[in-house]
Amino acid sequence: MNPKAKLQPKAKLQHWDEQLRRLFGEDTYSEGPLAASGAGLRFFGLNMCGRLNPEQITFLLDALSQFRIICIAGQDLTTFSLAHFERFANYWGAPVPHPNNFLRGGKPAQSDGDSNGAFELIPFEKRRVSAVNLTFPNQLQCLPHQSPAVLLVSNFSGKITGVQDDKNPIRVSSGGSWHTDIEYEPLPIYVSMFLVHQSPVSRNALGKNWVEAPNATTPYLEGSCNELMQKRMRLPLNGETAFVDTASAFAALPSSEQLALEQIQLRRRLNQSDEGWLAPLVRTNPRSGIKSFHSPIWASRPRVRPPVEVDGMSQSKSRAFLDRLEDHVLQEQFRYDHLHRPGDITLWDNYMTLHNSPPAKVNINSVDDARLLYRLSCKGKPVLSLPRNDDPEWLETHIAGGYTTPIEIINI
């Protein structure tokens, strides 16, 4: 790829389809861009059960570097397993155990405990998946797995179908906050991906949506202006993942402002007492040369991780600076709400996007309201062949517990 490549224009997609058919077969095709900003490309007809050859993975890596979000549609979940999914993830980087699946120093890994505390896997039977499988025992079960890298994302966990529960009525959760994945570590997550098992099909709320917008307490810290809060709180209402294209947001600024922002360094911390480290606000994709904001948010993890500071600014000035930037990034022209379809693999580049989770019905008693996805995230560099050959010292430093995908998964 040309290191000076610009953002992909809508009119120049023919070569992607030509390469797609050459590499994956004549019955394959693409759809996109999916977003008004030019982000997002969906591929059809690709079977990810097998290994990829170097040309195929190069094509997919290049597509993500240009489009920031790609979707590989329609995997057959009777044959495509979570082992296949994790093997596929290894091409993109080293799979990372999710903090929901382990403890640090005896505390949940995303709490305020010792970030270097002893690593302890949560037994499978105590993870969310065990409770989820109780809800619809004859209709919907999680795909079998044991991997600590697989995060189960669902809106149900143990309420038996058809049983009335006045103490836990059906309600709508508040949804999430805008963030990138694990941006609070010295080496952040590069790629995250969903495998979709079930999406809600019920549409009985006002406006023919799945849920109505919740009147919930905001997850954000107090003090931001009303205009920014309104942008933050406009969440998708049909189980989508909301994305913001931070590459297009950066490209829309005047060149003089771009140059100034490229000099900005942010001090990030795992815990308030940490000295922290400096990380660039603007990153350049090594494959496409496209520049983008990486997590330009003052408090990406409200009440969980400390807010960031702009190097050379006080906390109050840092907040004012980053709130203005977030207000720019969250404009509608840079936003895309991705509706999940069963069997889809959806990947996003965390250096080139923000994302947010939707409000969802919880304590559900109908499978028509079920939202069930599996997530994997990767750090480090992609590879063109498997197994990976990551340095053990690098793994111990950057991957919780030094985890590597077992060889039996690679060889499935």
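Things to note:
- Filter pass, F102 being among the aromatic types (F, W, Y), touching a Cys at 6+ places or on another chain (Cβ under 8 Å) and farther than 26 Å from T353 by Cα: no
- In summary, V201 fulfils each of the numbered conditions (1) closer than 27 Å to V304 by Cβ; (2) within 24 Å of the chain's Cα centre (by Cα); (3) hydrophobic (A, V, I, L, M, F, W, C) with the single exception of condition (1).
- Only a single item in (1) at pLDDT 95 or above; (2) surrounded by fewer than 21 Cβ atoms within 10 Å (Cβ to Cβ); (3) assigned to a loop (DSSP other than H, G, I, E, B); (4) not hydrophobic (A, V, I, L, M, F, W, C) is not met by G239, and it is number (2).
- Candidates A73, A109 - the one that is at pLDDT below 80, of a type in the set (A, V, I, L, M, F, W, C) and buried (at least 16 other Cβ atoms within 10 Å of the Cβ): A109
- Contact annotation: residue pairs with Cβ atoms under 6 Å, 6 or more positions apart or on different chains, pairing a residue in region 63-80 that is within 22 Å of P33 (Cβ to Cβ) with a partner that is modelled with pLDDT under 95, are Q66/Q8.
- Inside region 275-293, residues that are among the hydroxyl-bearing types (S, T, Y), buried (at least 21 other Cβ atoms within 10 Å of the Cβ) and outside any loop (DSSP other than H, G, I, E, B) make up a count of 1.
- Taken over region 297-335, the criterion of being among the aromatic types (F, W, Y), part of a helix (DSSP H, G or I) and touching a helix residue (DSSP H, G or I) at 6+ places or on another chain (Cβ under 9 Å) is satisfied by F334 alone.
- The set of residues from region 188-211 being loosely packed, with under 13 Cβ neighbours inside 10 Å and out of contact with any Asp or Glu (no Cβ under 8 Å at 6 or more places or on another chain) comprises N204, G207, K208.
- Region 180-236, residues that are within 18 Å of L373 (Cα to Cα) and outside any loop (DSSP other than H, G, I, E, B): V191, S192, M193, F194, L195, V196, H197, Q198
- Whenever a residue of region 120-148 is surrounded by 14 or more Cβ atoms within 10 Å (Cβ to Cβ), its partners that are among the acidic types (D, E), lying with C-beta atoms within less than 7 angstrom and at least six residues away or across chains, give the pairs S147/E86.
- Taking first residues from region 161-177 that are farther than 21 Å from Q139 by Cβ and partners that are at pLDDT 90 or above and acidic (D, E), the Cβ contacts under 7 Å between residues at least 6 apart in sequence or on separate chains come to V172/E212.
One line per residue, one yes/no per condition, for (1) touching a strand residue (DSSP E or B) at 6+ places or on another chain (Cβ under 6 Å); (2) at pLDDT 95 or above; (3) assigned to a loop (DSSP other than H, G, I, E, B):
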| site | (1), (2), (3) |
| --- | --- |
| S273 | no, no, yes |
| S295 | no, yes, yes |
| P342 | yes, yes, yes |
| W348 | yes, yes, no |
| S377 | yes, yes, no |
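- Counted residues, region 242-259 - those being surrounded by fewer than 20 Cβ atoms within 10 Å (Cβ to Cβ) and either under 17 Å from the mean Cα position of the chain (by Cα) or part of a loop (DSSP other than H, G, I, E, B) (or both): 3
- Selected residue (criterion: modelled with the lowest pLDDT) from residues of region 350-363 that are in contact with a helix residue (DSSP H, G or I) (Cβ under 9 Å, 6 or more places away or on another chain) and in a loop (DSSP other than H, G, I, E, B): A360
- Any hit, region 320-328, residues being in contact (Cβ under 8 Å) with a residue 12 or more places away in the chain and touching an Asp or Glu at 6+ places or on another chain (Cβ under 6 Å): no
- Filter result for the condition that a residue is surrounded by fewer than 17 Cβ atoms within 10 Å (Cβ to Cβ) and free of Cβ contacts under 8 Å to residues at least 12 places away in the same chain, over D368, D391: D391
- Odd one out for E262 among (1) buried (at least 17 other Cβ atoms within 10 Å of the Cβ); (2) touching a strand residue (DSSP E or B) at 6+ places or on another chain (Cβ under 7 Å): (1)
- Residues located in region 300-340, provided they are modelled with pLDDT of 95 or more and small (G, A, S): G312, S314, S316, S318, A320
The values are calculated or read from the model by the stated rules, or taken from the named source; none is laboratory data. Just so it is clear, the model here is predicted, and its values are computed rather than measured. Cβ atoms come from the backbone with ideal geometry, glycine included; neighbour counts cover every protein chain shown.
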